[in-house]
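Reading through the structure tokens given below for one structure.
Taken together, the values in this text are just the output of simple stated rules run on the coordinates, not laboratory data. Owing to the predicted nature of the structure, the values given are computational and were not obtained by experimental measurement. As a convention, Cβ positions derive from the backbone with ideal geometry for all residues, glycine included, and neighbour counts pool all protein chains shown.
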Amino acid sequence: MENTQTAAPFRSLATEAVHAGREDLAALGLHAAPLDLSTTYPAHDTRAEAARIDEFAATGARVDGPPVYGRLDNPTVARFEDALARLEGTEAAVAFASGMAALTATVLVRVAAGLRHVVAVRPLYGCSDHLLQGGLLGTEVTWTDPAGITDAIRPDTGLVMVETPANPTLAEVDLAALAHSCGSVPLLVDNTFATPVLQRPHEHGARLVLHSATKFLGGHGDVLGGIVACDEEFARRLRQVRFATGGVLHPLAGYLLLRGLATLPVRVRAQSQTAAELARRLADDPRVSRVHYPRLGGAMVAFEVEGDPHAVTAGVRLITPAVSLGSVDTLIQHPASISHRIVPEEDRRSGGIGEKLLRMSVGLEDVEDLWHDLDRALAFSPAGPPVRTQRPEWERKHQPAAR
Ligand SMILES: *Cc1c(COP(=O)(O)O)cnc(C)c1O
């Protein structure tokens, strides 16, 4: 029964981002969230501790009181979990050491239940593709387009997995229609690119929402983490797998991720605005053959160049040529060489990841400074065969004033 006295009032995402997971701080006489680095917790009452361990083993519910041991639970990490669950609109969330640890635990929950078949839509992040395809966790995967999901589902299908916008092509799917095609099979949506600021997959019927927290949630390129937002029933299985397999998020990472959430809406909106403008300029540029920018918006832009994509990553100076994304600074990388290198070439091609594709994560720099750098780097990659030794068009057009 809903208790209207204690039900949390609806608050906007911007407010939740700053306050969720911190509601008790004022009563504790604190302003910043406390960072608890304990690996173990003292307990003189061993019988009570035994009962708490039994309770966790039987149910997977969060333990009441002190966490017993750091691999079972941590109060700082729990704050980050509570906050992300609020932002995604789910009952619970369970945090892990990385996005891949979060995906591994999710797959193991289903494989342990005898449901080893996964239906998935390409492209996925390269290592997610590799984890499913390689069968390391005992999975068998059927790749399909969204229209083929219903037909691909078998009695032993444990999971349907999709990314939207997808890494790295930014391909989008209609989540509500896709969730409908899944029937009773849990739909796992990797929401890393959109973040809850732009899209809340649970509202469209996704049972599981996964993040590489390393990206936008952290937002500063200095913390690895992963998290699954879901109902409490699935969260209990995830906590049991996390306890048994040990892929826990470090408390300092939990602290940094909670802090990252506070500025998530502001960062994503500002970065998206700049990204949309860069996508417009790239679309008008003759050195660029195709631009991929989601209808949903967002801070990611993918584009295909006429010339040599390696010359662009070699030519940037303000923009960092590096894998990963979601940071306050702009990063660019060549998916066929880096983020999706582990996916065999043929599978890359079927997922739309061509040799000319570049993926850019737009940060908080000024749009004109970013365009200046991109324009300069693109000059190293003119249409036709690459001519790396030639002085770039930009430098010829913009001779610096005499010094
Ligand atoms: C980076 C990434 C992952 C993997 O996350 P890690 O934190 O690097 O383990 C999963 N999904 C997407 C979409 C990603 O971009």
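Scaled to the compact-protein estimate 2.2 N^0.38 Å, what is the alpha-carbon radius of gyration of segment 160-300, rounded to two decimal places?
On the way: Rg = 16.7 Å, N = 141, 2.2 N^0.38 = 14.4 Å.
Ratio of Rg to 2.2 N^0.38 Å for segment 160-300: 1.16.
Based on alpha-carbon atoms only, what is the radius of gyration of segment 81-224 relative to the globular estimate 2.2 N^0.38 Å?
Relative to the 2.2 N^0.38 Å estimate, segment 81-224 comes out at 0.97.
Could you calculate the contour length gain from Thr59 to Asp369, that is, 0.36 nm times the residue separation minus the distance between their Cα atoms, to one decimal place in nm?
Values: separation 310, 0.36 × 310 = 111.60 nm, distance 5.37 nm.
Using 0.36 nm per residue and subtracting the Cα-Cα distance, I get 106.2 nm.
Sorted from fewest to most neighbouring beta carbons within 10 Å, what does the list Met161, Met300 look like?
Working: Met161 23, Met300 27.
So the ranking, lowest neighbour count to highest, is Met161, Met300.
Once the other residues with Cβ under 12 Å from the Cβ of Arg242 are scored (Lys, Arg +1; Asp, Glu -1), what is the net sum? Show your work: numbers first, answer last.
Values: positive: Arg62, Arg71, Arg236, Arg237, Arg239; negative: Asp73, Glu81.
Summing Lys and Arg as +1 and Asp and Glu as -1 gives +3.
Quick one: His220, His334, fewest Cβ neighbours within 10 Å first, how do they rank?
Details: His220 14, His334 21.
In increasing order of surrounding Cβ atoms, one gets His220, His334.
If N is the number of residues in segment 128-185, what value comes out of its Cα radius of gyration divided by 2.2 N^0.38 Å?
On the way: Rg = 11.8 Å, N = 58, 2.2 N^0.38 = 10.3 Å.
Rg over 2.2 N^0.38 Å, computed on Cα atoms: 1.15.
Let me have the relative contact order for the chain, percent, based on Cα pairs under 8 Å that are six or more residues apart.
Values: 787 pairs, mean separation 66.0, N = 403.
Here the relative contact order equals 16 percent.
How far, in nm, would the chain grow between Ala26 and His44 when pulled straight, counting 0.36 nm per residue and subtracting the alpha carbon separation? Please report the intermediate quantities before stating the final value.
Numbers: separation 18, 0.36 × 18 = 6.48 nm, distance 2.97 nm.
Length difference between fully extended and current span is 3.5 nm.
When the chain is fully extended, how far beyond the present Cα-Cα distance does Ser337 get from Gln273, taking 0.36 nm per residue of separation?
On the way: separation 64, 0.36 × 64 = 23.04 nm, distance 2.80 nm.
This chain segment gains 20.2 nm when fully extended.
Out of residues 5 or more away from Leu159 or on other chains, whose amide H comes under 5 Å of its own, with H placed 1.01 Å from N in the peptide plane?
Amide H to amide H, under 5 Å and 5 or more residues apart or across chains, Leu159 pairs with Val119.
Anything in the chain that counts as a DSSP H helix reaching 27 Å or more along its axis (C-alpha) with Kyte-Doolittle mean of at least 0.5? List them, would you? Could the numbers behind the result be given before it?
Details: long enough: 251-283 (43 Å, 0.33).
For the chain, where a helix must reach 27 Å along its axis and average at least 0.5, there are no hits.
Within a 10 angstrom radius of the beta carbon, how do Lys215, Lys356 rank from fewest other beta carbons to most?
The most exposed by this proxy come first: Lys356, Lys215.
In square nanometres, what is one fourth of the surface area of the convex hull spanned by the alpha carbons of segment 141-215? It would help to have the intermediate numbers written out before the result.
Details: hull surface 19.9 nm².
Averaged projected area of segment 141-215's Cα convex hull equals 5.0 nm².
Which residues' amide hydrogens lie under 5 Å from the amide hydrogen of Val141, considering only partners 5 or more residues apart or on another chain, with H built in the peptide plane?
Val118
Distance between Cα centroids, segment 199-267 to segment 271-335: provide it in whole Å.
Computed from Cα coordinates, the inter-centre distance equals 26 Å.
Determine how many Å³ per residue the convex hull of the Cα atoms of segment 264-395 encloses. Kindly include the intermediate steps, with their values, before the conclusion.
Numbers: hull volume 14.1 nm³, N = 132.
Given the Cα convex hull of segment 264-395, per-residue volume reads 107 Å³.
Could you please tell me the mean projected area of the C-alpha convex hull for the chain, averaged over all directions and given in square nanometres to one decimal? Walk me through the numbers before you get to the answer.
Working: hull surface 94.5 nm².
That works out to 23.6 nm².
Can you compute 3J(HN,Hα) from phi for each residue in segment 298-306, using the Karplus curve 6.51 cos²θ - 1.76 cosθ + 1.60 with θ = phi - 60°, rounded to whole Hz and x for Gly and Pro?
Whole-Hz 3J(HN,Hα) from phi for segment 298-306: x, 8, 9, 10, 10, 8, 10, 9, 6.
Around Leu108, what is the net charge, scoring Lys/Arg as +1 and Asp/Glu as -1 over all other residues with Cβ under 11 Å from its Cβ?
Working: positive: Arg110, Arg116, Arg237, Arg242; negative: none.
Charge balance in the 11 Å sphere: +4.
Grab the other residues whose beta carbon is less than 12 angstrom from that of Arg295, score K and R as +1, D and E as -1, and report the net.
Numbers: positive: none; negative: Glu172, Asp174.
With Lys, Arg at +1 and Asp, Glu at -1, the net is -2.
Need the C-alpha centroid separation for segment 131-163 versus segment 96-112, integer Å.
Between the Cα centres of segment 131-163 and segment 96-112 lies a distance of 15 Å.
How much of the DSSP beta bridge set in the chain is antiparallel, as a percent to the nearest 5? Walk me through the numbers before you get to the answer.
Details: 22 of 39 bridges.
Once the DSSP bridges in the chain are tallied, antiparallel ones form about 55 percent.
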